[in-house]
Amino acid sequence: MMKKIVLTILISLISLTNNAQITETDNQMFWGIISLSKKVDKKISVSYLQLNSIDIKSGKFNFIQSEFSLNYKLKKRLITSLAYSPTFSLDGVPGNQLIYHRLSGKIKLKTKVLKRLNMNNSIVGEYHFTQRSKWKQRYYYRLDFEYKNNRKLPWKMKPFISQKIYWYQGGRLLQYYDNLGNKTDLKSPNGLHAYRVKTGVKLYPLKKWNFTIYYQKQKEFNSSLFGSSDINSLNPNSNKIRRSFYDFSVIGFSCNYKL
């Protein structure tokens, strides 16, 4: 037990000195994740996660991100979580802040669709203490489908697909123009602006260890739903876009150990 506690503390200390954030200069990335989880009792559990991102073309670190979570089971299939994520940028882009802080809350409902198909619905709200260019707050709906292995596949393999749709709120003010180049609104680009899809397999070769191999892609967009404002507003006078879309793809590997 003492070895497990020491391992947890060491990884936590490493994460506190190497925290990071995605920048808009990284288009193809590899994400490596290690996480630890521990049940406190039947309803409460805690977890720690560290995400390391590497630019595929250059081989350099983009960012390292940690997350400390407290999870509470309201009912058998209804779970709430509160998480804190300190982050640190490693890309060296001038003007980027090195340290970011994020607090998030989540509620998740687990359901069974078919005999061997599980579905999870989650709603997540994030508050970023450090101002981001496109948002101060970010909210998303997540929909997961996971195949429950019937033990015929090796290592209890579980294929899955996960989708997220993001709402941005409270970003830095952005100047908008009419077709003649006259200034109109000066406001945050609030609205539905990003979609992510992630698919892969989970493997359970050992009792307390599980591994995940996945591919993930993000696509930003503009929408007219619910009064959304454009992200990539064009200045007709200079023919420049101040904030362009940020689309990226990720090849990832993660491992989790249950204490």
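Quick note: the coordinates plus some simple rules give every number you see, no bench work behind them. Being a predicted model, the structure only gives us computed values, none of them experimental. Note that each Cβ is placed from the backbone with ideal geometry, even for glycine, and that neighbours are counted across all protein chains shown.
Students often get this wrong, so check it: of LYS73/LYS208; LYS43/LYS136; LYS60/LYS183; LYS75/LYS158, which have C-alpha atoms separated by over 30 Å? Violating the 30 Å limit, Cα to Cα: LYS43/LYS136; LYS60/LYS183.
Which of SER89, ASN118, SER47 sits closest to the plus end of the dipole of the chain, meaning its Cα is farthest towards the positive end, when Lys and Arg get +1 and Asp and Glu get -1 on the C-beta? Result: ASN118, furthest along the dipole toward the positive end.
What you get for the stretch 2-258, charging only the Cβ of Lys and Arg (+1) and of Asp and Glu (-1), is a dipole of about 1900 debye around the Cα centre. Here the relative contact order of the chain, from alpha carbon pairs under 8 Å that lie six or more residues apart, stands at 15 percent.
Residue order for PHE88, PHE129, PHE253, fewest other beta carbons within 10 angstrom first, comes to PHE129, PHE253, PHE88.
Normalised by the number of residues in the stretch 154-242, the average gap of Cα pairs under 8 Å and 6 or more apart makes the relative contact order 30 percent. Ordered by the count of other Cβ atoms within 10 Å of each Cβ, fewest first, THR87, THR130 give THR130, THR87. For the stretch 2-258, a Kirkwood hydrodynamic radius built from all Cα pairs, placed in the Stokes-Einstein relation at 37 °C and 0.692 mPa s, yields a translational diffusion coefficient of 163 µm²/s. Gain on full extension, evaluated as 0.36 nm per residue between VAL197 and PHE211 minus their Cα-Cα distance, stands at 3.2 nm. Indicate, rounded to the nearest 5 percent, the antiparallel portion of the DSSP beta bridges found entirely in the chain. So the antiparallel bridges amount to about 90 percent of the total.
Compute the Cα gyration tensor for the stretch 202-259, then decide on rounded, prolate or oblate, letting a ≥ b ≥ c be the square roots of its eigenvalues: rounded whenever a/c is under 1.5, prolate when a/b is larger than b/c in the other cases, and oblate in all that remain. Prolate is the answer for the stretch 202-259, as a/c is 1.5 or above and a/b outweighs b/c.
Stretching LYS110 away from ARG242 to a fully extended chain increases their span by 43.4 nm, per 0.36 nm per residue minus the current alpha-carbon distance.
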